[in-house]
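Pasting a structure here, questions to come.
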Amino acid sequence: MASLRSASSSASSLAMSPSASAASNGHAGLAGSEASGAEHAFPPSTPVEAVVSELSKTVIFIKLSQSSRPHERGFSVVRQEHSLHAAGVPCYAVAWSSPNKRSHQTLIEIPMIIGVHEGQYLGHFPKWRRDSYQGRAFSIVYATLNGTSTVDVVAPTVAMRAKWVSGLRRLVDAANVSMVAGQMPAGSWRCDESVSVDRQARAAFLMADRDGDRGMTLEELTRLLVTLNLRVPSASVAALFEKYSRVVDSSGAPVSEKEQSSAPSRLFSRRSRRLDYTSFFQLYCEISSRGDVEAVYRRLLFSESTSMSSTLADSVSTPELPGISRDLFMKFLLVEQQHTEEDAYRICEYYVDHSIGNRIPMDRFASYIQHQASFYDIVNQKVHHDMTRPLTDYWIAAAHNNHHSTDIICHRTPIASLIHALRSGCRMLELDCHDGPGDSPVIHHGRMSSNRVPLAEVLRAIREDGFDSSPYPIFLSLVNHCSLTQQFRMVEIIQEELSGMLATPQFPGGMIQKLPSPEELMHKIIIKAHPLPAGIFESGEPESAFFSDAADDLSSSAETDDDTDDEKDPMTTRSSTTSSSSGGRSRFSRGSSSGQPKRQVSKELSSLVNYCRPTQFQGFEHSKKNHYADNFCTIGERHASRLARRSHAKLVEFTRRQIARVYPLGVRFDTVNIEPHLHWAAGVQMVAMNYQRIDRPLRINHGRFLENGRSGYLLKPRHLLASPPEPTAESSRLEKHWRLTLVVMSGYHLPKPRHEDTTEVIDPYVVMEILSDRSRCFTPPAVNKLPAASQLALEAAQMARSAGASGGLVAPCNASTTSVSSGISTSGSFSSASAAASAGLVGDSLAASSTSVASVPPTVSSSSASVNSHASSNSSLNNAGSMSSRSSTRDQRDSQSEQAAFATRHRRRTRTCSDNGLTPVWGEVFCFDIPDPSVALLHFTIMDKDVEYDDFVATATIPLRCMRPGYRNISLFDYRYEALPTSKLFVHAHIDYYIPSSEI
């Protein structure tokens, strides 16, 4: 943990200047689910000195960890002797230690804390969940070098939790105000967003400062740069260190220039120089600067310059304006970024600097790009779909095998895995119910090694945590292996634990013509289990009946062919005979004369099933005649794939009437997931995913369901609905054919792969996949035929590459080299034609036509060379140090062959950027033809080129209906699809709408 360090115990007088509260820091908890103890909390107006005085008293908490059982630790708030704050500004930290080792403390500085959350749902709580912790649990979320981490604790009382939670929030608010107000080291624009930049720099500084003296040596800086994924020549590091470091004496105190000049030079060598945090913050801003963003800004600034010269490089010598004008920035937001007028006005007012004549300086423009220009439309961070339509009109996040004994990757317990799936947006869970000891049913997987967990505990966890991330209904699929006696007990447990939460139809009895909406079933649980046919019980009938294992809800043998032995279900034996008299529902019999295995189902359990009645899929015509809206069909993976490709229109029509689920093959003993996008495109509502298996399909699933506030319900596109709503401007845009031109410009703060040696620096490249059977990648046209905006984005990236990444620390390639991949000179200057296009970037011509093209630059070949075929000509642009021409040519050939071998109809990749994961620059263009943007997804994977095999670095999946054009940052996720807050991929996206010749 980057922000943790060891220190000796300290007890000092506690004081802090009171300041107003600002900047929300995650105050949301489990409202209403736990006793809050609000009467013991600090009021928001409490002076900081009073808060610190109370929290300085050591309290014994239970602290949770991954590797060991919960243990006691003494927690308190202490004042730090050596602070990263500016002089005169006190700094505090949360400290804890073992009750038996009070001389050794672990600290988290208050400014590193992002939020304090109540409840048992973050960090290690799902693993160590206890009913006894109810009302006393909370988590401290703090920033680390590559993301966030948590400290999970349990207070001795509810009142003590209320005091600590409210007190820490007060201190965090005060620290945020200090940073925003400029009491922290200078170096960037002071706004709420700059707090995150400060936390990144703090995490890096604390990691490098191993001896805790709050001063960084040259050796520590060199190690830190490698940790930050940047390898640079030692001479460049030494020059950077000399630029920002200060001379200190033996006690660490700064030595003035006068003292240095009067003392012998031998007394002050390089070893006596140190970087304090103020200087390091400025250095950090320099090495993490983004040259392509600055190039975009300079282009805007150049477009309104009164003395326009032939090249952008020439304009550098002319007097510059203090920033781009408000009107130009507003036009940039409206035309290039395609914000709404309301959003553009809000953004413009936020970033304009009135002290320089209502202009936007470079640091504020960079802040906009970093924090506001998300590739993913922010409207999807909250629920915005129409949630009043029938359940059949939605894609629903579904899971299977939720009760493995241990999470395959994260080592979670069965209940923790279930809670993790729910908090990831999953709305359908599968539980295998078996007879347990003492007439109490248990949950475990019959075919795989798994712990037996009491059904009551599982249902209690669902009740308490199921609706924290989404209020919409949960489908609970009960795979019944229980005897009749334990089925009675199962029903009692369900009714006891889920009292008031079970969904009940307004008109019971089945044959439902239209399912209710997610909004009507908010906070409800829908039971899916094999029911008894309606009317089987008359007066005097027994309280249970036998049903055949052949009554499986998977596809019948007549339809599945080779799937008959592949589908996983508790009842896999199939029968070729069907009973049409049951209205397409499960086939039941009174005895076992058929020779098939039989199983009993109780009337009480059957009565719980209403909106989700499992039924075999026996063909489209059969379902049209015999099925109702509440018939739920599970279709095997292979069969579903064939239907999606061969009978696409019929499958779409089928899923307009009733819910279908695609289930993986039973032979997938390694639990690898299904590729879900093919089935979503055919209208299938549920694709069962194993949430414990972290693989590519699951990451795609997570990317899809980030939409609509992670509610687990996504309204399907209009063409997949039985009664589509009236078209809107957005839906009409998604019904057109797209030609997407994507410029992959650069990356920022990429992490190292899992288990990577800390002394290694990654060599990243980007893989792009268009996830749609009908879509394809195609060779981009000649550069002068690209859209004007794409040309300019490509030039900005090329200029950043030629100038060298990270403020020139990484040596660029030969300045005279011309990139064949883009056809643009990398000599450091823009062509005159590009300058003209730059001036027209925000002009009326771009607003009037999305296909405006600049004239051919003098350095551009008129031949239509393939961008991807020759994308390797500058593969050594970001290499640290020079290479021989023979080695460079060999690397170019290798990269070219790799890209050619990698390319498919749906997939492309960039060249490799060597020895730079902090600010890698690619500058390559890719084109995609997308006839179905409403269902297509764009999947990014960043890989680390290695000798034996390439390592996974980060990923992101973007539904095209959620993407925004223009200059955009793509937020990246790790292998578990957990957010990497500091990691970004910078791209430019341009969309042309067209009608294929076949439709004219």
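How would you rank 489-496, 677-684, 760-767, highest first, on the average number of other Cβ atoms within 10 Å across their residues?
677-684, 760-767, 489-496
Also, quick follow-up: Kindly identify region 604-729 as rounded, prolate or oblate by the Cα gyration tensor criterion: order the square roots of the eigenvalues as a ≥ b ≥ c, call it rounded if a/c is under 1.5, otherwise compare a/b with b/c, prolate if a/b is larger, else oblate.
Since a/c stays below 1.5, the shape of region 604-729 is classed as rounded.
Taking H as built 1.01 Å from N, whose amide H comes closer than 5 Å to the amide H of residue 601, not counting residues under 5 places away?
Under 5 Å from the amide H of residue 601 lie the amide H atoms of 545, 547, each far enough along the sequence or on another chain.
Kindly state, to the nearest 0.05, the FRET efficiency for residue 340 paired with residue 736, given R0 = 25 Å and r defined as their beta-carbon distance.
Efficiency at R0 = 25 Å is approximately 0.80.
Additional query: Please list 619-628, 914-923 highest first by mean number of surrounding beta-carbon atoms within 10 Å per residue.
914-923, 619-628
Please work out how much length the chain gains when fully extended from residue 600 to residue 157, using 0.36 nm per residue of separation minus the C-alpha to C-alpha distance, in nm with one decimal.
154.7 nm
Just subtract the alpha-carbon distance of residue 132 and residue 759 from 0.36 nm times their residue separation and send over the number in nm, one decimal.
221.3 nm
Students often get this wrong, so check it: of 752/984; 331/382; 514/625; 603/624; 514/736; 514/716, which have C-alpha atoms separated by over 21 Å?
Long pairs (Cα-Cα over 21 Å): 331/382; 603/624; 514/736.
Which FRET efficiency, nearest 0.05, do residue 519 and residue 243 yield, Cβ-Cβ r, R0 56 Å?
FRET efficiency, residue 519 to residue 243: 0.40.
When only alpha-carbon atoms are used, what values of Rg and Dmax, in angstrom, describe region 915-968?
14.2, 39
Between residue 378 and residue 483, how high is the FRET efficiency from 1/(1 + (r/R0)^6) when r is the Cβ-Cβ distance and R₀ = 51 Å? Nearest 0.05.
0.45
With the crude spin-label approximation of a point 7 Å out along Cα→Cβ, what separation in nm comes out for residue 728 versus residue 995?
2.5 nm
Round to the nearest 10 and report in Å² the accessible area of residue 52, as given by a 1.4 Å probe over the protein chains' heavy atoms.
Here the accessible area works out near 0 Å².
Here's another thing I want to ask about it. Distance in nm between label sites at residue 621 and residue 929, each 7 Å beyond Cα in the beta-carbon direction?
3.7 nm
At 7 Å along Cα-to-Cβ for each site, give me the label-to-label distance between residue 502 and residue 976 in nm.
3.5 nm
The values are calculated or read from the model by the stated rules, or taken from the named source; none is laboratory data. Keep in mind that what you see is a predicted model, and the values were worked out from it rather than measured. All Cβ positions, glycine included, derive from the backbone under ideal geometry; neighbour counts span all protein chains shown. Ligands, DNA and RNA are excluded from the accessible area calculation, which covers all protein heavy atoms including side chains. Shrake-Rupley method; radii C 1.70, N 1.55, O 1.52, S 1.80 Å.
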